[in-house]
Amino acid sequence: MAPISIADLVAALPSEDTWGPATSGDNMLEGVPYAPFSKGDKLGRMADWTSESKDRERQGRQPYNRNFRDQQVYGAGSSSLFTIQAEDESSFSVVDNARSSAKRTFGRGGGTVFRGRGQRGGPGQRGGRGGFQRAGPGGRGQGDRFYDNRGGRGGRGGRRFGWRDWDKPQRTREPSVNVRPDWNMLEEVDFARLSKLNLEAPEGEDLDSYGFLYYYDRSFDKPPVKNAERRLAALDRAAYNVTTSQDPIIHELAEKDEATVFATADILSMLMCATRSVYSWDIVITHQGNKIFLDKREGSSLDLVTVNENAIDAPLEMSEASAGNKPEQINTPGALAMEATFINHNFALQTVSEQPSAKVEFAQPNPFYNEAEETEPLASKGYKYRRFDMSLERDEEPVQIIVRTEVDAVMKNPTGGADQHLIVKALNEFDPKAQGSGSALDWRTKLVSQRGAVIATEMKNNSTKLARWTTQAILAKADGMKLGFVSRANPRSAAGHVILGVVGYKPREFASQMNLNLTNGWGIVRTIVDRIRTLDTDEPADKVKKYVLIKDPNKSVLRLYSVPATTFEEDDEAEVDETQEKSEEAEE
C-alpha cells in the first residue's frame with residue numbers, strides 16, 4: 001500500500017475550521033449556574049448533603065481554629081445555589097412532641113442558662129466566658145442565640161473566676177515600717193534580678209559557742225495514740241533573741257577585726273530567702289568604718305512566725321475582707337503570727353527532757369542571762385558564732401561575715417558517733433475549712449496516712465518560713481531538723497493546742513526538696529554588702545551611716561533607703577520614757 005502524504009491528509013479535512021474552543025451555541029451547560037472553585041480543593045464525594053450543616057456546626061462551635069485558618073473560601077455557600085425551593089411551604093408543618101413547661105427554669109435544660117465556673121450544660125449547650133446563652137428546652141436549636149459563646153469543651157464554660165473578679169477583695173498590705181519624708185531612696189531591685197545572683201560560699205568555721213542544750217525526747221517521734229492527743233504546754237523559760245548590735249560577743253569580735261559584716265541567723269536567713277517572701281519586712285543596716293551590722297528594729301516582723309504567707313488565698317486582714325465574708329479575729333495574719341510564735345517557743349521547750357544530769361554544756365555560759373535579775377529558769381538554747389568567707393578574687397581585702405546561729409536540742413547519734421545538734425520548729429494548723437487555709441488537708445485524719453501530701457502542701461503555703469528555718473539550720477551546721485505538727489484543740493479558739501506528730505529531716509536534704517539554693521542567698525548578701533560599701537567610700541571612717549532595706553508590701557521589690565543616724569533611736573527613747581512614767585504612776 002502506498003504511503004499517505006501530508007497533503008492528502010490536509011485535503012481530507014473538512015472545509016469548516018473546527019480548531020479551538022466550542023462556540024456559545026455548542027455549550028451544553030448553558031443556563032447552569034457557575035460555582036467557583038479552587039485548584040487546591042480536594043475532590044470528595046459526588047454529592048455531600050451534610051457538608052453545609054457540618055460547616056455551620058463547626059463555625060458555631062469553634063469561632064477560630066488554626067487547623068482551618070488557611071482554608072480558602074472558594075465556593076463557600078455555593079450549595080445554596082442548587083437548593084430546590086418548595087413551591088408551597090405552607091402545607092408543611094412540624095409537630096413538637098416534647099413536653100414544655102410554662103415555668104421559667106434555671107440550670108440544665110432550662111429556658112435561660114447562666115454559666116458559672118465548673119458547671120456543665122446539657123447536650124449541645126455551651127457556656128460563655130463572661131457571657132450567657134439562651135437555649136430552648138432541647139438544648140441548641142435552630143433559633144438559639146449565643147452571646148459571647150467562648151466556652152470550653154464538653155459544655156464547661158461560664159464565668160471564669162480569676163484575678164480580675166469584681167468581688168475579690170483587693171490585697172493592699174501595709175508596710176512593716178512607714179517611710180518617713182527625710183528618707184532618701186537609693187536603690188530599687190526586683191526579685192527577678194535577685195534570683196540570678198550566685199556566690200559559692202565555703203563551709204563556715206566555728207569561733208565560739210555559748211549556752212547549753214537538753215536532750216531531745218524521742219517519744220514525740222512516735223504517732224500519738226488515738227483519742228489521747230498530747231497537749232501543748234505553756235512553759236515559763238527565759239529565751240533571748242537579741243539583735244546584732246546589742247550582742248556583747250559580736251561587739252568583742254568586731255573590736256578584734258574578726259570580720260567585716262555581722263548578723264544573726266534569723267536576720268541573715270530573711271535576706272537570703274528574700275525572693276520567696278510575700279509580706280513586708282525590713283532590715284536596719286549600720287555602716288561604721290569598715291564594719292557593717294545587719295540589725296532588726298524593736299518589735300520587728302522578723303521576730304514573728306508567719307502562717308500561710310505563700311498560699312494562693314492567704315489569710316485576710318479585717319480591713320481587707322468584704323462585708324459579707326469577714327474572717328474571724330483569730331484567723332487574721334497578725335493573730336496567726338502571734339499564735340505561731342507562741343507555739344514555736346513552747347514546742348521547742350516541751351520536746352526536750354530537762355534533766356540537769358543529762359545537760360550538754362557549751363564552752364561558755366549564756367551571754368544574755370543574768371541570774372541575779374532573772375526569776376525564770378533558762379531555756380535550752382545553744383549559740384554558735386560562725387564565720388563565713390564571701391571573698392572574691394578581685395577583692396583586695398577579704399570579705400567575711402560572722403553569724404550568731406542557734407540550736408535547740410541535742411540527740412544521741414544512732415550510729416554511735418558524736419551527739420547531733422537539732423533545730424526544733426513547729427508548723428501549726430488553725431482551721432482547714434477557714435479562709436486562708438491554703439487547701440490544706442486535715443492533719444488529724446491525713447497526717448499518718450498521707451504525710452507526704454501534707455508536707456508538700458506546707459512547702460507550698462509556707463515556703464518562706466520553711467526556707468528560713470532550713471537556712472538557719474545549715475548556717476548553724478545542725479545535724480537535723482525536727483518539724484512538729486501542732487493543731488488547735490478547737491478550731492474556733494486559739495487558746496489550746498495539741499501535738500499531732502513530729503517529722504525529722506536532714507537540713508541539706510530538706511533544702512533540695514524545697515529547691516532552696518543557698519548560693520543564690522549568698523549572692524544576695526554579697527550584693528547588698530558591696531552596695532553599702534560603695535556608697536560610703538568618700539565618708540570619714542568614724543562617721544556612722546544608717547540604711548533601711550524594705551520589702552515592698554504589695555510588689556516583689558526591695559528598696560534601700562538612706563536614713564538619719566538617729567532613726568529608730570528616738571522611738572526607743574520614747575518607749576523607755578513611757579515605761580518609766582507608767583512605773584512611777586504605779587508606785588504613787
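The values are calculated or read from the model by the stated rules, or taken from the named source; none is laboratory data. Not measured: the values here are computed from a predicted model. Every residue, glycine among them, receives a Cβ derived from its backbone with ideal geometry; neighbour counts consider all protein chains shown.
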Review point. What residue, among those in the stretch 497-551 that are of a type in the set (D, E) and loosely packed, with under 15 Cβ neighbours inside 10 Å, is farthest from R180 (Cα to Cα)?
Key: E509
Study note, to complete from the structure: Going through the stretch 483-520 in order, the residues found to be part of a loop (DSSP other than H, G, I, E, B) and of a type in the set (F, W, Y) are none
Study note, to complete from the structure: When the stretch 521-545 is checked residue by residue, the ones that are modelled with pLDDT of 90 or more and not in a helix (DSSP H, G or I) are K545
Exercise for review: Taking the options A263, A201, name whichever one is within 25 Å of L518 (Cβ to Cβ), aliphatic (A, V, I, L, M) and at pLDDT 95 or above.
Suggested key: A263
Check your understanding: Looking at K196, is it at pLDDT 90 or above, surrounded by fewer than 11 Cβ atoms within 10 Å (Cβ to Cβ) and part of a loop (DSSP other than H, G, I, E, B)?
Key -> yes
Exercise for review: Can you give me the number of residues within the stretch 274-307 that are over 27 Å from I330 (Cα atoms) and of a type outside the set (G, A, S)?
Suggested key: 13
Point to revise | Considering residues of the stretch 251-265 that are surrounded by 15 or more Cβ atoms within 10 Å (Cβ to Cβ) and either out of contact with any helix residue (DSSP H, G or I) (no Cβ under 6 Å at 6 or more places or on another chain) or not assigned by TED's automatic domain parsing to the domain that holds T464 (or both) only, the residue nearest to K381 (Cα to Cα) | key: L253
Point to revise | Positions within the stretch 413-427 being surrounded by 13 or more Cβ atoms within 10 Å (Cβ to Cβ) and either in a loop (DSSP other than H, G, I, E, B) or of a type in the set (K, R) (or both), in sequence order | key: D419, K425
**Study point:** Answer from A379, A409, A372 - the residue that is without any contact (Cβ under 8 Å) to a residue 40 or more places away in the chain, assigned by TED's automatic domain parsing to the domain that holds A254 and of a type in the set (A, V, I, L, M)
**Key:** A372
**Study point:** Leading residue by the ranking (nearest to A265 (Cα to Cα)) among those in the stretch 448-478 that are part of a loop (DSSP other than H, G, I, E, B), in contact (Cβ under 8 Å) with a residue 60 or more places away in the chain and over 13 Å from the mean Cα position of the chain (by Cα)
**Key:** A476
Review point. Given the structure, is R387 in contact with a strand residue (DSSP E or B) (Cβ under 7 Å, 6 or more places away or on another chain), assigned to a strand (DSSP E or B) and surrounded by fewer than 19 Cβ atoms within 10 Å (Cβ to Cβ)?
Key: yes
Review point. From the list K506, K546, which one is more than 29 Å from G289 (Cα to Cα) and over 23 Å from the mean Cα position of the chain (by Cα)?
Key: K506
Study note, to complete from the structure: Residue hits (the stretch 173-193; surrounded by 16 or more Cβ atoms within 10 Å (Cβ to Cβ) and among the aliphatic types (A, V, I, L, M)) are V177, V189
Point to revise | Residue among F342, F347, F368 that alone is over 30 Å from T457 (Cβ atoms) and either assigned to a helix (DSSP H, G or I) or more than 22 Å from the chain's Cα centre (by Cα) (or both) | key: F368
